[in-house]
Structures are given as structure tokens and as C-alpha cells.
Amino acid sequence: MADLNTGIAFLVISSFLASAVEMVEALTIVLAVGVSRQWRSTLIGVATALFALVALVAVLGPALALIPIEALRVIVGSLLLIFGLQWLRKSILRASGQLAQRDEAAIYTGVLAQSWLPTAKRKPSMDWYAFTLAFKGVFLEGLEVVFIVLTFGANAAADNSGSVPVAAVGAGLAIVLVTLAGLLVRQPLSRVPENTMKFAVGAMLTTFGMFWGGEGVGVVWPGQDVAILGLVVWVLACALVSLNLLRNRTHSLGLRFVRE
Amino acid sequence: MTYIKSFFSFWIDFIVGDDWHIAAGAALMLLLVSAATYVTSAAWALLPIGVMLILALSLRRAASAPPSPALAPAVRSTLSLSTDSAVRTRRDNPQ
């Protein structure tokens, strides 16, 4: 029972964090488009994108259940491993100063300037530009969440430790929370620690990618599910060591120039 | 035809991401581990080591690349100020 609760907790937390990060990014685009063009068309674009994403989960979720479990673990494990490493890589490069941190306020200003339509030119009829931008923004950001919900959920279902609907609940909670925050604040959520969240999600995806991918290719993990805890500690330790090494390198480059 | 090409190109970019070495490395790692399971029961140890090696190599490649315009503003301004200082120092103390 404890294993089941831990599994469900991991499932919901991973989906929640991944969804929250992507929805904050989507909110920036939606706010900018709504303010610069027309809210009605923007919100229709958002609703259409969310409907398309839910439909994708509804169709692909049951379809994944038809795949033999070993093949499912290899496919899902590989995808999670690739996504996880990509997220970890980017968050480490941003945290160490090798890449610029994502600036929601700057992106908001950029999209606002790019799509600005003078009030006199705004019409009450459908603004397809606003619709398309909002749809694309929400759909593309949401696609990664869909992948995470489906892969996590499908594997958890195979292990009887969760399901796609449970993973979707985590994602749904994040969407509601970010939307409420957006309505209250009415500006980009710049203070959300996106990079830290991406780092955490990257570590979790990498861990589960290794665990399930390994099981899929015939690995027998010592301690079975307990090995997940060991893997997550290993991934976090290696990631933090890499981050510190890169940070020191970035600072020493600056210091070397100063000393000369 | 262009539409089909764009469709596949989008999904390849979506899955492979910024660094194709990661996707290739992950696939190769799983293949190696799969082969190793026939030889030893300790094949599980290869995965965590191999995966972190893939991450380390990717980070090393990214860090070795020339500074991009996307460099963090704090680092960029530090580097430019520091370079000016180094040039002034060399000019004042030619050796």
C-alpha cells in the first residue's frame, strides 16, 4: 500500500510540476496576445488547444495500454530519459550562467510589441492571428505535458501504481492554479522559480526513464522499486556536481580576465 | 509533400531537442545494457553511470562552444567589463 501511495504521489507531483512550468510559459504568450489584440479570439484559441490536448490524451492513453508491457517500458523509458536529460541539461546551463535565464517579462514585452494592434483597428469579429498565436502557444507548451502524462501514466498503470487519469489530475491541478494566478496577477508570472522546477522535473524524468527503460531491456534493479530512490539521489548528486563545476568555470573565466 | 516533411521534422525536433547526442546516447545506452543483461546480472550498474556520462559530455560540449548571444546578462557584462580591464592592464604594462 505504501508503494502504491508513493507511486501515485510521484506521478501526481511530476505531472503537476511539468505542467506548471509549461503553463507559466504559455500564460505569458496568452496574456501578451490578449492584451495586444483581442481577448475573445485569444481565449477561444486557448480553449481549442486545451480541448485538442485532452483529446490526444483520451485517444492515446487507451492506445498505449494495448502495447505489450516490455515494449511499452522501453519506448516510454527512452522518451522519458531523453526529455529528462534535455530538461536537466538546459536547467543546469541556465543556472550556471552558460545560457540566459528565461525571462517571462521580456518575452511578454517582445510578443506584445510584435503582435500589437492599435485599438482603432481592433474588430469584434474573430481575430485569427490572436487565435492562432494563442492556440500554438498553449498547444506546443502542452504537448510536452501530454507526453509526460501519457508516459508516466501508462507505465504506472502497467505497474498498478497509478494511471493516465491520475497523472492527468496532476497536470489539471497545475493548469487551474496557473490560470487562477494569471487572473489575479494579470501579468507574466516572472517570480515562479521555473528553472528550479525544470531541474526537479528533469531529474525525476531521467530517474524514471532509467528505471523503466532498464526494466524494459531486462535489467533487474536491486531492491526493485527502492532502486528509484537510489537513482534519484545519484541523478541529483551528479547534476549538482556538474552545476557547480560549470558555475566555477563561468566565474573563473570572468575572474581570469579581471586578474590579467 | 512539404507538409509531410514539416510534420515529421516537427516531431523529430520535439523528441530529439537541442542536442541530438543525448537522444542517440540514450538509445545506445539502452542497447548496450540490453546486451549486457545476457552476460551479467549487474548490468543495471551501467545505466546510471552511462546516462550521467551522456549528460556530462553534453554539458561539456555546450560549455566549450563559443559564447552565444543568449549568455546570461550578468555573465556577459562581467566578461565585457573584465576584457576592457585586461586590455588597459596590458597597455599600461607591456611585457
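Of the numbered criteria (1) free of Cβ contacts under 8 Å to residues at least 40 places away in the same chain; (2) assigned to a helix (DSSP H, G or I); (3) within 14 Å of chain B (Cβ to nearest Cβ), the one A:Glu141 fails is (1). Screening A:Trp39 against (1) in contact (Cβ under 8 Å) with a residue 24 or more places away in the chain; (2) among the aromatic types (Phe, Trp, Tyr); (3) surrounded by fewer than 22 Cβ atoms within 10 Å (Cβ to Cβ) leaves a single unmet condition, (1).
Here is a yes/no grid of residues against (1) modelled with pLDDT under 85; (2) open to solvent by 40 Å² or more (accessible area, probe 1.4 Å); (3) of a type outside the set (A, V, I, L, M):
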position	(1), (2), (3)
A:Leu43	no, yes, no
A:Ile75	no, yes, no
A:Ser78	no, no, yes
A:Gln101	yes, yes, yes
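Would you confirm whether any residue within segment B:66-85 is modelled with pLDDT of 60 or more and farther than 16 Å from A:Ile82 by Cβ? Walk me through how you get there before you give the answer.
Step one: filter segment B:66-85 for residues modelled with pLDDT of 60 or more, giving B:66.
Filter again for farther than 16 Å from A:Ile82 by Cβ, leaving B:66.
Yes: one or more hits.
Among the residues that make up segment A:56-72, is at least one of them within 13 Å of chain B (Cβ to nearest Cβ), among the small types (Gly, Ala, Ser) and loosely packed, with under 14 Cβ neighbours inside 10 Å? So far as segment A:56-72 goes, yes, one or more of its residues are within 13 Å of chain B (Cβ to nearest Cβ), among the small types (Gly, Ala, Ser) and loosely packed, with under 14 Cβ neighbours inside 10 Å.
Of all the numbered requirements in (1) out of contact with any Gly (no Cβ under 6 Å at 6 or more places or on another chain); (2) of a type in the set (Ser, Thr, Tyr); (3) away from chain B (no Cβ under 14 Å), A:Thr42 misses one, and that requirement is (1).
Could you please find all residues in segment B:19-42 being open to solvent by less than 20 Å² (accessible area, probe 1.4 Å) and at pLDDT below 90? Matches in segment B:19-42: B:Asp19 only. Just one of the listed residues (A:Phe131, A:Phe83, A:Phe135) is touching a Gly at 6+ places or on another chain (Cβ under 8 Å), among the aromatic types (Phe, Trp, Tyr), under 23 Å from A:Thr196 (Cα atoms) and assigned to a helix (DSSP H, G or I), and it is A:Phe83. The set of residues in segment A:114-134 being open to solvent by less than 80 Å² (accessible area, probe 1.4 Å) and modelled with pLDDT of 75 or more consists of A:Ser125, A:Met126, A:Asp127, A:Ala130, A:Phe131, A:Thr132, A:Leu133, A:Ala134.
Taking residues in segment A:196-220 that are at positive phi, and partners anywhere that are aromatic (Phe, Trp, Tyr), the pairs with Cβ atoms closer than 9 Å and at least 6 places apart or on different chains are A:Gly218/B:Tyr38.
The values are calculated or read from the model by the stated rules, or taken from the named source; none is laboratory data. Not measured: the values here are computed from a predicted model. We place every Cβ from the backbone using ideal geometry, glycine too, and count neighbours over all the protein chains shown. Just so you know, the surface numbers come from the protein's heavy atoms only, side chains and all, with ligands and any DNA or RNA stripped out. Shrake-Rupley method; radii C 1.70, N 1.55, O 1.52, S 1.80 Å.
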